[in-house]
């Protein structure tokens, strides 16, 4: 089976199939299994969880799709299957591939790194909202904010959320919100929202200029575009993704009851800490009062302790004097023997050094028939290239010196 699978991989992969989904199922592991069929044939398919999580739509039976992947053989049954790596609705395959290419490029630049994400402030002073004036998302967000935080100011920056000019309008609206934040110091959180739709409807939020504008935000951005299964590149660039526009409003606007509960909890903790502090100080006060109740007893105990320390000091001095006298006597007894041993050792080392020095005497070498050549400057001649014809040399022999001239 492995040989068959390798042959398929070398001759056919990668492959693209345009067909209808049949028998779609999603396992508990997140992997998806289905068949792609046309009027004459079908092929089993497997879409693993990682690829399934990147889908911009919910697969279901009857959808016409374009699948790209690789052919393989499922060993246990010997079935031919297609391992699907990308899946898109037929008719928008090119757009979805453009989405994936742009996502990969921006992700490689680090624009979607988790380290860039900022936490939301616990108590925002005001909010910013970028959406269309005629969008249902505006009503949903306004309703949620009015219900949860009616006291919170909201600045609206309108822009088209669909159509050819939508990306430019979204960028202008975002930049206007940023300028408001820089000049007035408000708008602690910015909401970028739009209702659901197809990939073409949401494409403005996949525009590169819009995505880069989101990453430039000086405040945290919550992106709530589409429904829960919809994903846009602005979702990845934002600090937080909300499944819906209403959820985006709820994420940055805790309810009054929640805030009151938090205050009650903090009040209880503060009261408990104050009471614990008072109890601890009271116990310490009682302990100090007990200690200060009989100062005469403490003075008597201190006097006894002082006498005890005096006795211990005197005993220690006497003991140290005895030890010192004993050490002095021992040193006095051992000193003559130590000096004698030291002199013997020094004499032996001197004799050894004299013997070694005698062995190094060059006159011993001359007595064996050798001569020591030196030039007029007294430098020893060891190589023939150190002399030249006509040069005077001195040869030192065992019984005297000879003057030589090089011929």
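The values are calculated or read from the model by the stated rules, or taken from the named source; none is laboratory data. Just so it is clear, the structure is predicted and the values come from calculations on it, not from any experiment. Heads up, the Cβs are rebuilt from the backbone with ideal geometry, glycines too, and the neighbour counts pull from every protein chain shown.
Details
- Of all residues in segment 199-222, those satisfying the criterion of being part of a loop (DSSP other than H, G, I, E, B) and in contact with a strand residue (DSSP E or B) (Cβ under 8 Å, 6 or more places away or on another chain) are 199, 202, 217, 219, 220.
- Some residue of segment 267-283 being closer than 30 Å to residue 221 by Cβ, assigned to a helix (DSSP H, G or I) and within 55 Å of the chain's Cα centre (by Cα): no
- Among the candidates 102, 145, the residue that is touching a helix residue (DSSP H, G or I) at 6+ places or on another chain (Cβ under 7 Å) and surrounded by fewer than 19 Cβ atoms within 10 Å (Cβ to Cβ) is uniquely 102.
- Hey, residue 381 modelled with pLDDT of 80 or more and in contact with a strand residue (DSSP E or B) (Cβ under 9 Å, 6 or more places away or on another chain) or not: yes
- Qualifying residue in segment 93-109 (condition: more than 30 Å from residue 217 (Cα to Cα) and either at pLDDT below 90 or in the same structural domain as residue 232 (by TED's automatic domain parsing) (or both)): yes
- The single condition among (1) part of a helix (DSSP H, G or I); (2) closer than 15 Å to residue 157 by Cβ; (3) touching a strand residue (DSSP E or B) at 6+ places or on another chain (Cβ under 6 Å) that residue 183 does not satisfy is (3).
- Options 351, 320; residue that is under 30 Å from residue 399 (Cβ atoms), at pLDDT 80 or above and in a helix (DSSP H, G or I): 351
- When each of 34, 112, 48 is tested for being surrounded by 18 or more Cβ atoms within 10 Å (Cβ to Cβ) and out of contact with any strand residue (DSSP E or B) (no Cβ under 7 Å at 6 or more places or on another chain), the lone residue that passes is 112.
- Residue check for residue 372: in contact with a helix residue (DSSP H, G or I) (Cβ under 9 Å, 6 or more places away or on another chain), touching a residue at least 12 places away in the same chain (Cβ under 8 Å), surrounded by 10 or more Cβ atoms within 10 Å (Cβ to Cβ) and closer than 16 Å to residue 402 by Cβ: yes
- For the residues 267, 228, the requirement of being in contact (Cβ under 8 Å) with a residue 12 or more places away in the chain and exposed (fewer than 15 other Cβ atoms within 10 Å of the Cβ) singles out 228.
- Residue count for segment 382-402, restricted to those that are surrounded by 11 or more Cβ atoms within 10 Å (Cβ to Cβ) and part of a loop (DSSP other than H, G, I, E, B): 3
- Members of segment 15-26 found to be under 20 Å from residue 73 (Cβ atoms) and loosely packed, with under 12 Cβ neighbours inside 10 Å, listed by number: 16
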